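These notes are about the structure you will find just below.
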Amino acid sequence: MSSEASSVYAALPLNSFRLLTVLPESPQDPGLLVCRLSTHYIASAPSYTALSYTWGSNRNPVSIQIEGHSFPIGQNLHQALTHIRLNAAGDPVVLWVDAICINQVNLDERMDQVRQMNLIYRSASDVLVWLGLPSSDSSVALDFVLELPSLLEGAKRAGSEQSRYVLNDSSIQPRWLALAYLLLRPWWRRVWIIQEISLARAARLFVGTRSIPWSAMHATLSELRHSWQWAMHADTEHTTAKVIEIASTGRSLFDIVPSLVEHGHTADLGALLKITHIFKSTDPRDKIYALLGLTDTHTQAHIQPDYRKSLPDVYRDTFTYLYTRHHGQGLGDMSWITGGVIVHENQREVPSWTPDFRWCNANESLSWASNNPNPWFYVTDTNGSGGIGHGSSAPLQLYHTGDPVIAGLKPVSPRFSENTMTVLGVQFDTIESMEMFWLHDLVEYTEKRITETDLVSKLKSEAESGETIDVPYIAGGSSRMAFYRTLLLDCAVPYINPQTNIPLRLPKEMSSGFEVPGNETLLIPPRTAADVDTLLHRIQRSLSLFHGRCIARTSTGYVGIVPRTAKSGDWVCVLLGGEMPYVLSGVEGDHFRLIGECYIHGIMDGEVMEDVRSGKHVLRDIVMR
């Protein structure tokens, strides 16, 4: 920031904040944005609008005038302020804009203002969401947002035929596509917007000068998330399925978090971090700090914005706090880091057991509990009937690999030193071989980017040959059955039960297959070449989880899915409390480096913990660094 720009700032008194007034257009220079800054206490501040927007690139800034001084801002912010002034029709507009109202080069001020951010957004009369300039189809998208809830509700009442029409009819596809483009605009990936929208009294979405109420977008996203997730895992047009996927993952935060705030609840930081890994921040430390305003006082007392701390220290201290506070809920939180480990291992700046929240394109976890966009709803029923409620201590888990209850034990808290974490676990088996391209080839084949591969030809040949070539699997059943159940992650298709929005595990014993919507039966294992194609088409959702992963076989004959950064000789370990098994690589001093979670067919339901209880396996300290 130049000395001229810095001169617009006077020191802020404690617990105060600045507001920006955008003045009406000047006839002498209509293109210049002329503004004033004023200092206030929140309790006595005038009515103001808080702006929610994307900072964008710092290249090619545009100058505005503040208190007679030239002040550079990003192009996206300049476009937003220009359109806000245009909509004001000659009246001054009072705004809170973080890039201007906070002196970004003053670290003490930044930390103080970030601590006040939740109050600033709670106190604003409304929040203006700037999505950017209009495109050729943005008005189509905004109109579709207004129409879609009633369209979907009518389709549900009319039955399955009308539902398929709304999802797949070619005349509606351009509107689904326009909505997809709107939901893929950069604003939706900015981590600060979660707090900004959650705490808003009211909000409007702007594209150019066109706007709609946030409540309309909320209604659309909420309806898609609550009632249409099943369509992602059925025979649905790709564009429509993508919109539902977007609405059912990161965008569902805007359904979940405001309801918590509205009813006086706070969100769990660990849960927020799991489902915001795709969100971005200019300063990677803000991947954590941007969420603190939604958390409870205990979290805010132990984790405070401190821009003097190094990035590794911020991430390590946050994870240590969360792990220590929530150790009774198991080790499922370790799945936060699997995507970053798989793709960016050589760029890590933190210990292998510490999540690296910078990587926005990290893989989804193989654990549904970690991918679940509504992690505040937990299993409250322990008698096996599967009831769901709010606020229980045990997260809903699809697998029970390291469940301490099965071993007759209680959860044991991990132990930390500066760079190591020690947990109890079993070194179960080692990786013997890996098929690096099988899963990649299956994804490419199902998405019709390549023709039939050697693997697909092999699967079809085996299907036609039938039981004559099948061999027993080490954990029971046949090897072919184990292979296909591994591809399915041992879950049914569609992956999500349309009544409960919860994944369905396959039954333990399955001789012929299982029914899918449309009165069709999927045969597992397939019996003909056509059955192979049908199955692969139906499991595209499962296959999409396998980016950065591959099929592996262990030394004793187990088959599973492991990170591609694993290597022969690495250990498959079951950690006490972990929902999934983990791949660990030995390093010097009898320590390990955590590679990532894995799926190993035959040990996902606590079989190793049963062996611990019987004495066949013994828990030992596993030290990760």
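The values are calculated or read from the model by the stated rules, or taken from the named source; none is laboratory data. This structure is a prediction, so every number in the text was calculated from the model and none was measured. For neighbour counting, all protein chains shown are included, and Cβ atoms are generated from backbone atoms with ideal geometry for every residue, glycine included. Heads up: the accessible areas ignore ligands, DNA and RNA and are worked out on the full protein's heavy atoms, side chains in. Shrake-Rupley method; radii C 1.70, N 1.55, O 1.52, S 1.80 Å.
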Using a 7 Å offset from Cα along Cα-Cβ at Q304, what residues in segment 105-141 end up with backbone N under 17 Å from the label point? 107-119
Sequence ranges 418-424, 170-176, ranked by mean other-Cβ count within 10 angstrom, highest first: 418-424, 170-176
Cα extents of segment 102-172 per principal axis, largest first, Å, are 60, 29, 21
Quick check: pseudo-label points 7 Å beyond the Cα along Cα→Cβ at S512 and V587, how many nm apart are they? 5.3
Rough spin-label spacing in nm, given labels placed 7 Å along Cα→Cβ, for D313 and H69: 3.0
Can you list residues whose amide H is under 5 Å from N103's amide H, if they're 5+ apart or on another chain and H is modeled 1.01 Å from N? none
At 1.4 Å probe size, what's the solvent-accessible area of K508? Round to the nearest 10 Å². 140
Can you give the FRET efficiency to the nearest 0.05 for H537 and M436, using r as the Cβ-Cβ distance and R₀ = 22 Å? 0.40
List, in the order given, every pair from K280/K567; K156/K242; K242/K460; K448/K508 whose Cα-Cα distance in the structure shown is over 23 Å. K280/K567; K242/K460; K448/K508
For segment 433-441, what does the Karplus curve 6.51 cos²θ - 1.76 cosθ + 1.60, with θ = phi - 60°, yield as ³J(HN,Hα) per residue in whole Hz, taken in order and with x for Gly and Pro? 8, 9, 9, 5, 10, 4, 5, 4, 5
Per-pair calculated FRET efficiency, R0 = 45 Å: T282 and T420 via Cβ, rounded to 0.05: 0.90
Length added when fully stretched, N87-T209, from 0.36 nm per residue minus Cα-Cα: 43.2 nm
Simple spin-label estimate for L107 and S7 in nanometres, 7 Å along Cα-Cβ: 2.7
As an exercise, use a Förster radius of 56 Å and the Cβ-Cβ distance of T528 and V618 to find the FRET efficiency, rounded to the nearest 0.05. 0.75
Search the structure for amide H atoms under 5 Å from the amide H of F592, placed 1.01 Å from N in the peptide plane, and list their residues when 5 or more places away or on another chain. V587, V623, M624, R625
